[in-house]
Structures are given as C-alpha cells and as structure tokens.
Amino acid sequence: MFKKPEFDINRLKGMPGKAREAMKKMKLPPMLVFLILGIISTIWFLIRVIPKPSRAAYPCMKVAAPIMSGFVLYLLSLGGITLIFRNTRKGLYKVRFISVFLLIFTVFMSVSSSSGDTGTGYFPDDSEKAGPDDGPNQPFGKATGINPGRVVWVWDPEATNEDCINSFDLCKAENTNQEVVSRMVQDAILGLTGETKPDIAWKALFKSFNKKKHNKKRGYRQGEKIFVKINQGTANAKLRMKEIENGFYIPESMTQSEDAKKGLTGTCETYPNVVLEILRQLVYHAGVDQKNIIVGDPIAHIFGHNYEIWAKEFPGVIYVDRMSDNHGRTIIKPTEDDLIFYSDGKLTDKLYDVVAEADYMINIANFKPHGRAGMSLTAKNHFGSHGRQSAMHLHASLISPSSLGRPTNNGYHKYRVMVDIMGSKYLGRNTLLFVVDALYGGGSNETKVPVKYFMPPFNNDWCNSVFMSQDEVALESVCYDFIRSEWNGTYSHNPANNAYESIPNVNGVDDHLHQAADPSNWPEGIIYDPDKTGKPLPSLGIHEHWNNSVSKQYSRNLGHNYGIELVAIPDTLVRSEKQASAAGLAGTGM
C-alpha cells in the first residue's frame, strides 16, 4: 500500500566525520537513524531559526535543513495516506485537518529556509536564491594590468586604534596611525607593479595605462591632470549652509551626541589617511605638480576634517566643491554637453568639468555594503560624478531600486548602470588606479556607521586594510567576496546595523561584474556603449570568486595562468589548501 522510503546512511556526508563514523560503528538500522536525525534536526532548526530567520544561512543549518525537510515530508505522506484508508468519513475530516496542518508547517519551513539562504527575513518571494550564481574559481573575462588580474590586499592591525568607538573620532591622528597607513599604501603600489622602488612603480603604472588608453607606452607628462575621486556623499545631508560657511565641519552637536559616543551615529566614508599617502606618492614619487592634482566628490562637499589635513601638507592641490569657493575650495560646474549615454536608452548625463578634463583618474572608494546595490565600491563611487544634484535617477537598475533592502530587481542578465560607468572613457576606462580604503569596514548599508568585522583575520577589530588593483572588475570581485562573507548572517554587529545585514548576499549583487567581464552575460536587447561610439564595450576585466573565506585563493593563486591573483601582504593571509582543509572549509566558497 505505502512503501517506506529507503534511507542510505551515505546521505549523512554533510555531517561531521566523527559523528558519521560513530553511527556506522553502532550499526543502527538506517530507518531508525533517519527518524532520530529527523526529530533532532527539526527541533534544532526550529529553536535556532524561529528567533532569527537569518540563521538559516548558517552552514550547520544548511546541513540540518534537508534532513528536516525529508523527515517532515515523510510524516506528511505516511500519516496522511495511512489515515485516509483507515478512518471513516468523520476520520477523513480529521485527516484533512492534520494534512493541512502538516502542509502549512512544511511551507513555513520552506519559507524559513529560503529566507535564510538570502540571509534576511523580509524578502517577498520565498523562491529567491542567495549569493552569486557562479561557484568558486570559475573565472571569466580578460584580466588587465601589468600583472593581469592582480589585486593587492594589505592588512596591518596596527593601523587603527581598536579602542576607538565614536566614528566621528576615527579621523583624528590618535586613532589612525598615518605612518602605518603610508607604509600599507606604498606596499600595495609596489606589490601591484612588482617593483621595489615607488618612483619606478609609478612610471610602470603610467606606462601601462597609456599603452592601454593611447597605445603608447609612455610615462606621465608634466601638465597632465589627475582627478582623485573620493567618497563624501553624506556631506550633502550633514552640512547645512551654516556649516559650509564655517569650514565644512560636521556640527559639534552631532559629533558629541550620546548616540555618537556609543558609536551609533555617522557613516563610513573617506577618512584622511589613505588619500594623504596617495597625494604624497603622486607629488614625491610620481613627480606630479600639486596644481595638477584635483581632489573631491563632485556631487558633494569635502569635509573640513579631511581638508585641513590634506591642505596643510599640500596647499597647492585643488580641492573642489560644487557650491562654495570659501575655505580653500574651488568651484566646479557640469559640462555643457551630455557625456555619458546609458545603454538602456532612457537617460544621459553631464559630468563635472574636473572629470571630463582629467587625463587620469584615481578612484578611492570605501569598503561597505549598500542597501540598494548590495555593495558600494569603485563603480558605485561614481554615482557622485555626474552633473546632477542627486543620483536617484541611477537607482532603477540596482537590485533594490525603490527602497532599501527590498531586492525586487535581483538576479542576473539585467541592465546594470554600473557597467556603463565602468566602461565610460571618462570614468572607469580613464582610471589609472583603483583603491578601496578598508581601514574601517562599512556597516550594513551606506548610511550606517563603520563597524568592526568578525571574519578572519579581522576577528572583531577594524578591517585595517587597503585594496588596490589596475583591474576594476577583479578588485570589486575580491572585495565582494570579503563583504558577502562578513554579511552572510553569521555575525552580529552593533545595534546601528541590525537592518539590511544580508543584502550583500542577495542573488545578483555581482551581476554588473559578470557583465563587465564578459559581453555574453549582457541582457537581451542591451548593448553597452556609454560613449555612444557605435562600438560595444569589450571585456573590462576578470571576474572570479575565491575558493573559500579561509584560503582566499583565486585561480592564479592555485597555479593557473588565468583568473584573479590575490597578493596578500603579509602573505600568510592567503592560506594553503592544506590549512583550509584542516579548518574544515576547503571548497565551501564562502
């Protein structure tokens, strides 16, 4: 009548090795093992996941979920069918009630599992997938750079003051060691180029860039302008006219509030230290006159605490603002003509003059998740480079276009405006060097305070890191692996970051990287041509995910001559497969 399902004990491969071997030695009947595991898994899953649905994304929950699901489905089938044949009409009514109850219970479990996979409990569709579509070490695209596909990651826990809590104090000299940060930035430049002296390294960078842009392997020429794009987006919200007139300083009432002292107020944006060393490198090692260096975030302002540190050493550098020429700022204006043409055919944009006139750009972004895009790095940093006063018109192609943390546009092969930005001859393709300032990792979205990260090697400290590459796609791919691993629902950050904490793990966050790497990933009907040249964009770089969050190895780290190469300083940060296997995380992707 009803055949009991056979249970193969080999299905327990997801269990820890010792437990699995113990069950084999006990020679328990497979069906008994199935029932015991089903009961334990169901109870454990309910106790852990109901209070916090995001726990369903934990590796241990992913092991328990299929066993629990099989057990529940078995009960539903066995209980429902058996009772139907044994009971009267009155009994049939009870069976229907029991079956409906079990069915609802099963659906609830499925929804919980789906929510857990995405790391949140507020997604509207229980069928949504989590994380990237491509697995570990599946590179595609064309690597670029002196050392193709190379991304340098420098980490030094001495860079910052672990005891500092107030995010408004992170810019102060006592909380960030400029000497350490300067060494980190220089080590990154040397590691990226493979040179031993910074002067030679900068010559190599300029020659590599000009070979790609002009097909001439030449160095920097005097008079050429370099625009350093920073991230100061919230300055528009924090600085009123009074503050602008008084030097662009954040109001003291905000910096000294009780919430600020508890580390609950502020955002993760450009702090002075990495930019200061980049200026030193350009002036002292690359030989660029201060007057030919421009620093700013065109859509916003430069905070006073940054300006005073930079201008003290480099008063001849041009520090820009779109509203005021007070306090050493230089007014900029949008171009007369539209210079970027978004490939969905709906919008165009002017850029600011300092962007359009730059011979080179250095993009210094911050390391943080984003409530609409999933992450905010070098591509998203250019939401501040167009000529409008707001970037809201660019949100339609993000994974959460209409409200924070609501991924109604997730998935792959969709139009992504960031591909146009990365491919613009004025923006991504005019960038000499891509830098991600990760001294302080961002909170659960771009409006949240910096927080300490838990994943190794950060271990509940500030990130204390700098990332650098000539390949924008490779750089964002590496930083995304870090961000999605930190914000996968495993860790609990401070109370100011209790929302959107798993948005980086929404399926499709890296869709723009897939498309920037390989035109075969473009959506049907879209041809990316942001400069309106009539020629589709080529591959803009190489995309790949690491093998796991312990080893942090990409294809070139594994001995191949293709894919991404993560150069970690110190080199002990990238572990061998043997070490990762001992930690039980080899091949897990996250």
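The values are calculated or read from the model by the stated rules, or taken from the named source; none is laboratory data. In this text, all values refer to a predicted model and were calculated from it rather than measured experimentally. Because the Cβ atoms are built from the backbone with ideal geometry, glycine has one as well, and the counts that use them run over all protein chains shown. Note: areas computed on protein heavy atoms with side chains; ligands, DNA, RNA excluded. Shrake-Rupley method; radii C 1.70, N 1.55, O 1.52, S 1.80 Å.
In table form, for the structure just shown:
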item	result
Residue among 170, 192 that alone is within 16 Å of residue 565 (Cβ to Cβ) and open to solvent by less than 20 Å² (accessible area, probe 1.4 Å)	192
Residue in the stretch 359-370 that is surrounded by the most Cβ atoms within 10 Å (Cβ to Cβ), counting only those that are under 17 Å from residue 463 (Cβ atoms) and not hydrophobic (A, V, I, L, M, F, W, C)	368
Test: residue in the stretch 261-269 that is buried (at least 20 other Cβ atoms within 10 Å of the Cβ) and touching a strand residue (DSSP E or B) at 6+ places or on another chain (Cβ under 8 Å)	yes
Test: residue 478 is open to solvent by less than 10 Å² (accessible area, probe 1.4 Å), β-branched (Val, Ile, Thr) and at pLDDT 95 or above	yes
Whichever residue in the stretch 209-237 is in a helix (DSSP H, G or I) and open to solvent by less than 30 Å² (accessible area, probe 1.4 Å) and, among such residues, is nearest to residue 392 (Cα to Cα)	235
Leading residue by the ranking (farthest from residue 536 (Cα to Cα)) among those in the stretch 331-346 that are open to solvent by 60 Å² or more (accessible area, probe 1.4 Å) and either of a type outside the set (D, E, K, R) or assigned to a strand (DSSP E or B) (or both)	331
Every residue from the stretch 459-471 that is open to solvent by less than 10 Å² (accessible area, probe 1.4 Å) and either farther than 27 Å from residue 161 by Cβ or free of Cβ contacts under 8 Å to residues at least 60 places away in the same chain (or both)	469, 471
Set 356, 311, 373, 379: member being open to solvent by 10 Å² or more (accessible area, probe 1.4 Å) and over 21 Å from residue 250 (Cβ atoms)	356
Subset of the stretch 423-449 [part of a loop (DSSP other than H, G, I, E, B), open to solvent by 10 Å² or more (accessible area, probe 1.4 Å) and either of a type in the set (D, E, K, R) or farther than 30 Å from residue 203 by Cα (or both)]	425, 446, 447, 448
Residues within the stretch 36-52 that are at pLDDT 75 or above and either open to solvent by 90 Å² or more (accessible area, probe 1.4 Å) or aliphatic (A, V, I, L, M) (or both), tallied	4
Condition broken by residue 420, with the remaining ones in (1) within 17 Å of the chain's Cα centre (by Cα); (2) of a type outside the set (Gly, Ala, Ser); (3) not in a loop (DSSP other than H, G, I, E, B) satisfied	(1)
Residue 319 open to solvent by less than 50 Å² (accessible area, probe 1.4 Å), of a type in the set (Phe, Trp, Tyr), at pLDDT 95 or above and not in a loop (DSSP other than H, G, I, E, B)	yes
Flag for residue 528 being of a type in the set (Ser, Thr, Tyr), out of contact with any Lys or Arg (no Cβ under 8 Å at 6 or more places or on another chain), outside any helix (DSSP H, G or I) and under 30 Å from residue 348 (Cα atoms)	yes
Residues that are open to solvent by 10 Å² or more (accessible area, probe 1.4 Å) and either modelled with pLDDT under 95 or in a loop (DSSP other than H, G, I, E, B) (or both), drawn from the stretch 270-300	271, 286, 287, 289, 299
Selection from the stretch 518-561 of residues that are free of Cβ contacts under 8 Å to residues at least 40 places away in the same chain and either of a type in the set (Asp, Glu) or out of contact with any strand residue (DSSP E or B) (no Cβ under 8 Å at 6 or more places or on another chain) (or both)	519, 520, 525, 533, 534, 535, 536, 551, 559, 560, 561
